[in-house]
Amino acid sequence: MNFIFFHHNKTNDMKLQILLPAALLIFCSCNSNSDKTSSNESSTKSTETKTPKIKEETVSYKIDTLNMSSYVYYDENIEGKRPAVLVVHEWWGLNDYIKRRARMLAEMGYIAMAVDMYGNGRMGNDPGTAQALATPFYMHPDMAKKHFDAALEELKKNPNVDQSKIAGIGYCFGGGVLLNLARMGEPLNGVVSFHGTLIGTPPDKNLTKAEILVCHGEADSFVPKADVDKFKKQMDSIGKSYTFKSYPGATHAFTNPDATETGKKFKMPIEYNAAADTASWNDMKDFFGRIFK
């Protein structure tokens, strides 16, 4: 900044009185703009730092004669241990929808695994095949536990998994599997069932430890009100607290954007419900906020 000197007289005193405040105003203005620029740069850098950088890893392992391929997702920008969530698929098998959900969890800061329950790359591409693949897991809960536990052990090998904070979420078939596992004493902090079957292995107050959140569509014809009432009665009978969320107008598979097209293709009473999808995902977030404290 250039300084101007005046010989002392009244006229110069008046000029100083006018010029000095103006100079100060310009100086402060320059500093203010500099501070804003610096603040904006910091904000930009902060935003860049927080942008998730999601890594996908295929995890291969064997269960008897089955070759299993699950997928792990995590944000490479996050350092250190963090909670983990296993995602169990619908009866269709481990498809892109389940991988997307696992990726969404990774974007939230969790380590997520999309779990392969069927093995050997098997998929239920039509209702008949899907039912044939899923039924043995309903009839033999121990088999479902064996497959889930194998995936869980693989996930625990990740050095950044906080092994004291692990949960599971499941969709349709996957939701029913996780509720069964919770009733069988699976060592998880919590499980979330999205439009899953409710009735299976009877709950045991000495075994059921995981916190439970059920996200249910009120218009789900595959899970009638009788099943809802029975589930609640069973859980109440063992004194186990649980959270049951019900979404008006939502059918089976209400979280899956592909459900409407799939329903039309196979003449099934299923369709996507955006409002229920958003509400149930937010309910899951709140649930994780409680169980992962």
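How would you classify region 53-291 from its alpha-carbon gyration tensor, with a ≥ b ≥ c the square roots of the eigenvalues: rounded for a/c under 1.5, else prolate if a/b is greater than b/c, otherwise oblate? Show your work: numbers first, answer last.
On the way: a/c = 1.29, a/b = 1.17, b/c = 1.11.
Judged from the Cα gyration tensor, region 53-291 comes out rounded (a/c under 1.5).
Under a 5 Å amide H to amide H cut-off, with H placed in plane at 1.01 Å, what residues pair with VAL85 once short-range neighbours are removed?
Excluding prolines and chain starts, which carry no amide H, the hits are ILE111, ALA112, MET113, ALA167.
Could you give each residue of region 90-99 its phi-based ³J(HN,Hα) in whole Hz, using Karplus coefficients 6.51, -1.76, 1.60 with θ = phi - 60°, and x for Gly or Pro?
Result, rounded to whole Hz: 6, 5, 5, x, 7, 10, 5, 4, 5, 5.
When only DSSP loop residues count, what GluC sites (Glu not before Pro) in region 70-152 have their Cβ near at most 11 other Cβ atoms within 10 Å?
Counting only loop positions with at most 11 other Cβ atoms within 10 Å, the GluC sites (Glu not before Pro) in region 70-152 are GLU76, GLU79.
Pick out, in residue order, every one of the trypsin sites (Lys or Arg not before Pro) in region 121-204 that is DSSP loop and has at most 11 other C-beta atoms within 10 Å; say none if there are none.
Working: sites: ARG122, LYS145, LYS146, LYS156, LYS157, LYS165, ARG183; in loops: ARG122, LYS157.
Filter output for region 121-204: LYS157.
Hey, can you grab everything whose amide H is under 5 Å from the amide H of ILE63? Only 5+ residues off in sequence or another chain; H modelled, so Pro and N-termini drop out.
Excluding prolines and chain starts, which carry no amide H, the hits are MET68.
What does DSSP give for region 53-291 in terms of the percent of beta bridges that are antiparallel, rounded to the nearest 5?
Here the antiparallel bridges make up roughly 30 percent for region 53-291.
Work out how much length PHE266 to THR58 would gain on full extension: take 0.36 nm times their residue separation and subtract the Cα-Cα distance, in nm to one decimal.
Length gained, PHE266 through THR58: 71.8 nm.
Evaluate the distance, in nm, between pseudo-label points positioned 7 Å from the Cα of LYS156 and of LYS81 along their respective Cα→Cβ axes.
Rounded to a tenth, the inter-label distance reads 1.3 nm.
With θ set to phi - 60° and the Karplus curve 6.51 cos²θ - 1.76 cosθ + 1.60, what are the ³J(HN,Hα) couplings of region 128-136 in order, to the nearest whole Hz, using x for Gly and Pro?
x, 5, 4, 5, 5, 6, 7, 3, x
Near the amide H of ASN158, under 5 Å away, which other amide H atoms are found, from residues 5 or more places off or on another chain, if H is placed in the peptide plane?
For ASN158, whose amide H was placed from the backbone, there are no distant partners under 5 Å.
Could you check the simple spin-label distance between ASP236 and ALA132, using points 7 Å along Cα→Cβ, in nm with one decimal?
4.2 nm
Please identify every one of the trypsin sites (Lys or Arg not before Pro) in region 210-267 that sits in a loop by DSSP and has no more than 13 other beta carbons within 10 Å of its own beta carbon.
Details: sites: LYS225, LYS230, LYS232, LYS233, LYS240, LYS245, LYS264, LYS265, LYS267; in loops: LYS240, LYS267.
Counting only loop positions with at most 13 other Cβ atoms within 10 Å, the trypsin sites (Lys or Arg not before Pro) in region 210-267 are LYS267.
Please work out the FRET efficiency for the pair ALA274 and ILE199, using the Cβ-Cβ distance as r and a Förster radius of 30 Å; give the result to the nearest 0.05.
0.60
Would you list TRP92, TRP281 from fewest to most Cβ contacts within 10 Å?
Lowest to highest Cβ neighbour count: TRP281, TRP92.
So what are the ³J(HN,Hα) numbers for region 280-291, from phi and the Karplus equation (6.51, -1.76, 1.60; θ = phi - 60°), rounded to whole Hz, Gly and Pro as x?
Going residue by residue, I get 5, 5, 5, 5, 5, 4, 4, 4, 5, x, 7, 7 Hz, with x marking Gly and Pro.
Hey, which of these cross-link pairs are over 32 Å Cα-Cα: LYS145/LYS232; LYS146/LYS233; LYS245/LYS265; LYS156/LYS240; LYS53/LYS264? Walk me through the numbers on the way to the answer.
On the way: LYS145/LYS232 23 Å; LYS146/LYS233 28 Å; LYS245/LYS265 29 Å; LYS156/LYS240 27 Å; LYS53/LYS264 36 Å.
Checking Cα-Cα distances, LYS53/LYS264 exceed 32 Å.
A short reminder: the numbers here are calculations on the coordinates, not readings from a lab. If you're wondering where the values come from, they're calculated on a predicted model, not measured in any experiment. Using ideal geometry, Cβ is built from the backbone for each residue, glycine included, and neighbour counts are taken over all protein chains shown.
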